[in-house]
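The values are calculated or read from the model by the stated rules, or taken from the named source; none is laboratory data. What you are looking at is a predicted structure, and each value in this text was computed from that prediction instead of being measured. Positions of Cβ are generated from backbone atoms using ideal geometry, with glycine treated the same way; all protein chains shown enter the neighbour counts. Each accessible area value is taken on the protein alone, full model and side chains, heavy atoms only, with ligands, DNA and RNA left out. Shrake-Rupley method; radii C 1.70, N 1.55, O 1.52, S 1.80 Å.
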Amino acid sequence: MFTLEIEGTAVAVINSDEASAKDLFTCEGFKEDIRTMTSEGRPLWNGTAPLIIRAANEDEIEIFEDALAEDDGEGEFTDDKHHAGGDSAEDDDEDEADIVFLVDIDEADEDDEADA
């Protein structure tokens, strides 16, 4: 498993090999996602800080495994729109990797925004 670290903060863990982790964590779609996602009101990534991909430590692996166990197929995990619908075998391999965020992601309530 590998961890995405931004400015000293472990942001996400993926259960893939290093090459796949680097490909996913540095693809334009994922970078756009982490640019627009926020934690405690701040963007996960400012668009310029280096994206560090490193081996996950024991604590990060435990958080990852606990999150997947809690999900048990009934959670609110959704397919990444940037990786869905591919026809190639490479796309199928990418779809098999799971990502767990290690920081609390702010949830945008679209209904409340529409009413404002």
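Check off (1) touching a Phe, Trp or Tyr at 6+ places or on another chain (Cβ under 8 Å); (2) part of a loop (DSSP other than H, G, I, E, B); (3) modelled with pLDDT of 95 or more for residue 31 and give me the number that stays unchecked.
Exception for residue 31: condition (2).
Name the residues in region 3-26 that are open to solvent by 30 Å² or more (accessible area, probe 1.4 Å) and either more than 19 Å from residue 105 (Cα to Cα) or assigned to a helix (DSSP H, G or I) (or both), would you? Before the answer, list the steps.
Residues of region 3-26 that are open to solvent by 30 Å² or more (accessible area, probe 1.4 Å), as a first pass: 5, 7-9, 15, 17-20, 22-23, 26.
15, 17, 18, 19, 20, 22, 23, 26, listed by residue number.
Mind checking which residues of region 34-46 are of a type outside the set (Ser, Thr, Tyr) and open to solvent by 30 Å² or more (accessible area, probe 1.4 Å)? Quick ask: steps written out before the conclusion?
Quick first cut of region 34-46, residues of a type outside the set (Ser, Thr, Tyr) only: 34-35, 37, 40-46.
Answer for region 34-46, where residues must be of a type outside the set (Ser, Thr, Tyr) and open to solvent by 30 Å² or more (accessible area, probe 1.4 Å): 35, 37, 40, 41, 42, 43, 46.
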